[in-house]
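Written below as structure tokens is the structure these notes are about.
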Amino acid sequence: MLEVSGLDAWYGEAQALRDVSIRAAAGEVVTLMGRNGAGKTTALRCVMGLHSSMRGSVRLGDADLGALGPVQRARAGLGYVPDDRGIYATLTVEEHLILPPRAADSAWDVERVYAAFPALRARRGQYASKLSGGERQMLAIARVLLMGSRLLLLDEPTEGLAPILVQQIAAILRDAKAEGRTVLLVEQNLRFATAVADRHYLLSQGTIVATLGNDEVRARESEVLQHLGI
Amino acid sequence: MDYLAVQLFNGLANGSFYALLSLGLAVIFGMMRIVNFAHGAFYMLGAFIAYFLLQQAGVGFWPALVIAPLVIAVAGMFLERVFLRRLAGLDPLYGFLFTFGLTLVIQDGMRLRFGVQGQPYSAPAELSGTVLLGAVSYPTYRLFVVAFCLVASIAVWFVIERTRLGMAVRAATERADLTRALGVDVDRWITPMFGFGLGLAALAGVLAAPMRNVSPLMGSELIILTFAVVVIGGMGSIAGAIVAGFLVGVLSSVGAIFDPAVEGIVVFALMAVLLLVRPSGLFGSIETR
Ligand SMILES: Nc1ncnc2c1ncn2[C@@H]1O[C@H](COP(=O)(O)OP(=O)(O)OP(=O)(O)O)[C@@H](O)[C@H]1O
Ligand SMILES: [Mg+2]
């Protein structure tokens with residue numbers, strides 16, 4: 001499904017990613033873990049086509065995304081939730097849900113979003129700048145679910161969220177997985193990561209240093225935590 | 001008292017032009033992050049098109065009010081496609097330099113041909129004369145300009161704030177890259193929105209022709225104050241451009257009661273104070289990055 005290989009990325013002269021390769025099959029949830037500044041966000045941006053100073057190949061199914069800009073990638077089935085949630089202050093909650101064109105028939109429609117997140121329904125006509133942190137995250141995730149994206153790129157979706165919301169996001173990811181969607185998840189919370197994901201890529205200073213299954217992460221927890229700088 | 005009332009209306013009339021011009025600047029800045037220095041030159045061209053239409057073809061004010069903005073909008077789209085597109089993503093300084101250079105080319109080109117002396121252009125017969133407002137009589141045409149610009153400004157506000165197209169424009173204004181990543185083809189809208197912004201400038205130019213002489217320098221006098229309006233309203237803010245436009249018009253006209261020199265001082269003092277207490281302007285939310 002997703003196949004990233006030999007990815008190098010730069011900020012000016014400084015190299016942020018070095019020969020990063022990531023694979024994820026349909027219906028697979030994989031995480032990208034690593035300490036602050038390891039290059040996780042940069043990797044997601046490269047996959048989304050938002051970082052132009054890069055080399056390497058990004059494929060989705062049979063399609064080579066290399067020559068495509070972010071608009072075409074989104075339409076090809078990529079859904080991106082940035083680390084800052086990407087909420088617009090000048091759009092209402094409902095406008096966030098109708099802005100992105102549908103990339104594919106999706107199991108989610110606006111009604112299902114409101115049923116899953118009643119707080120969003122209550123605020124549908126308000127400007128999204130009024131939302132709490134948790135509501136923003138819900139809105140950002142709802143947006144890509146509505147697009148019907150086949151590949152979800154989520155940058156630290158649980159950061160700063162109350163446990164109840166974290167559980168709700170876990171449930172959504174399990175549903176997405178059951179529908180055959182692929183998830184590339186940047187995550188620092190080991191318990192959440194092992195609860196929802198199948199495999200984990202450990203990134204250190206721009207390089208993948210290990211690929212671990214859930215059991216390995218649990219067995220080597222202290223070592224992994226040290227890698228994450230926690 | 002009467003004099004104050006007259007100055008108040010004059011302020012609204014002047015503010016009408018600020019509002020239309022800064023609206024165009026706001027839309028262009030929002031979509032392209034370009035501060036269009038050439039805006040005043042296109043305002044001037046709008047007035048000259050109306051003048052030519054009358055002189056060469058006997059086409060009057062009302063058709064000119066439609067034709068001039070359309071011509072300038074098409075010219076603007078061409079300009080965006082051929083030149084400005086190449087500057088996208090570069091340091092904003094390049095866009096500024098380009099539009100500044102363009103201003104000089106247009107302005108001096110017109111000056112070579114017409115000199116600096118203004119050409120008169122008369123208001124349409126239906127709008128000549130004065131209306132009695134309470135105790136003061138006031139030129140009908142100026143009242144028309146105020147009403148027309150108010151309606152036009154509100155129409156633009158409505159399109160941006162309340163329609164699907166406007167929604168995409170707001171999203172692109174706030175975060176172009178993210179909006180692309182959501183599958184919205186921002187770049188398809190840049191050319192028409194640039195044309196639209198210039199069209200508004202030309203519209204203001206046609207409206208100004210009967211009030212001010214049509215001259216190659218008419219835009220350069222206005223544009224500096226218009227930039228102050230944009231800063232006061234908040235870069236890229238639609239409501240801010242409208243409110244600040246009329247506000248600056250009224251404040252500077254009322255200031256001029258005390259001394260004509262006060263006119264400019266009031267505006268820039270307001271801008272300076274606002275920058276200190278509220279750097280993003282009255283309605284601003286954009287952080288330029
Ligand atoms: N805009 C930028 N300009 C220059 N360097 C940058 C920029 N963004 C990130 N970097 C650098 O690139 C490296 C990777 O950054 P990145 O944001 O991808 O890390 P991350 O793993 O997402 O970190 P975090 O856990 O803090 O989100 C870091 O060394 C960072 O300092
Ligand atoms: Mg990050």
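FYI, it's all coordinate maths here, none of it is from the lab. Quick caveat: nothing in here was measured; it's all calculated off a predicted structure. Cβ: placed from backbone, ideal geometry, glycine included. Neighbour counts: every protein chain shown.
Can you tell me the orientation of helix A:163-178 relative to chain A, as the angle in degrees between its alpha-carbon axis and the longest Cα principal axis, to the nearest 10? Between the helix axis and the principal axis of chain A, the angle is about 80 degrees. A simple count of charges around A:LEU139, restricted to other residues whose Cβ falls under 11 Å of its Cβ and scoring Lys, Arg +1 and Asp, Glu -1, yields +2.
Comparing B:THR191, B:THR140, B:THR99 in a Gaussian network model of chain B where C-alpha atoms under 10 Å apart are linked, the largest mean-square fluctuation is found at B:THR140. As a proxy for reagent exposure, ranking B:ASP185, A:ASP84 by other Cβ atoms within 10 Å from fewest up yields A:ASP84, B:ASP185. Dipole of the stretch B:2-288 computed with +1 at Lys/Arg Cβ and -1 at Asp/Glu Cβ about the Cα centre; of B:TYR121, B:VAL71, B:LEU104, farthest Cα towards the positive end is B:VAL71.
For the stretch B:2-288, taking Cα atoms only, Rg and Dmax work out to 18.6, 59 Å respectively. Answer rounded, prolate or oblate for the stretch B:63-167, using the Cα gyration tensor with square roots of eigenvalues a ≥ b ≥ c: rounded when a/c is under 1.5, else prolate when a/b is larger than b/c, else oblate. Because a/c hits 1.5 or more and a/b fails to exceed b/c, the stretch B:63-167 counts as oblate. Remark: A:TYR11, A:TYR127, A:TYR88 ranked as A:TYR11, A:TYR127, A:TYR88, counting other beta-carbon atoms within 10 Å and listing the fewest first. Among A:ALA16, A:ALA219, A:ALA76, the largest mean-square fluctuation in a Gaussian network model of chain A, built with springs joining Cα atoms closer than 10 Å, belongs to A:ALA219. Average 1/r across all pairs of distinct alpha carbons in the protein assembly as shown, invert it, and you get the Kirkwood radius: 25.6 Å. Among A:HIS51, A:HIS227, B:HIS39, sorting on how many other beta-carbon atoms sit within 10 Å of each Cβ, with the fewest leading, yields A:HIS227, A:HIS51, B:HIS39.
Set the Cα radius of gyration of the stretch A:2-228 against 2.2 N^0.38 Å, with N its number of residues, and you get 0.98.
For chain B, the membrane-span-like helix rule (DSSP H, alpha carbon extent of at least 20 Å along the helix axis, mean Kyte-Doolittle at least 0.5) picks out B:2-32, B:39-57, B:61-79, B:92-114, B:140-162, B:186-208, B:218-233, B:238-258, B:262-277; this says nothing about an actual membrane.
Spin-label model, A:VAL110 to B:THR163: label points 7 Å out along the Cα-to-beta-carbon direction sit 1.8 nm apart. Across the alpha-carbon atoms of the stretch B:1-130, the computed radius of gyration and Dmax are 17.3, 54 angstrom. Expressed to the nearest 5 percent, the antiparallel share of DSSP beta bridges inside the protein assembly as shown is 60 percent. If one computes the Cα centroid of the stretch A:1-80 and of the stretch B:1-55, what distance in Å separates the two points? So the two Cα centres are separated by 46 Å. Charges on Cβ only, +1 for Lys and Arg, -1 for Asp and Glu, centred on the Cα centroid of the stretch B:152-262; of B:SER253, B:VAL214, B:SER237, which one is farthest towards the dipole's positive end? Final value for the positive-end residue is B:SER237.
Simple spin-label estimate for B:LEU8 and B:PHE96 gives 3.9 nm between the two label positions (7 Å along the Cα-to-Cβ direction from each Cα). Say we join alpha carbon atoms closer than 10 Å with springs in a Gaussian network model of chain B; which of B:VAL243, B:VAL214, B:VAL277 then has the biggest fluctuation? Sorting by GNM fluctuation, first place goes to B:VAL277. Annotation: extensible slack from A:GLN15 through A:GLN126 equals 35.8 nm (criterion: 0.36 nm per residue apart, minus Cα-Cα distance). Reported value for the stretch B:233-284: 55 Å³ per residue, from the convex hull of its C-alpha atoms.
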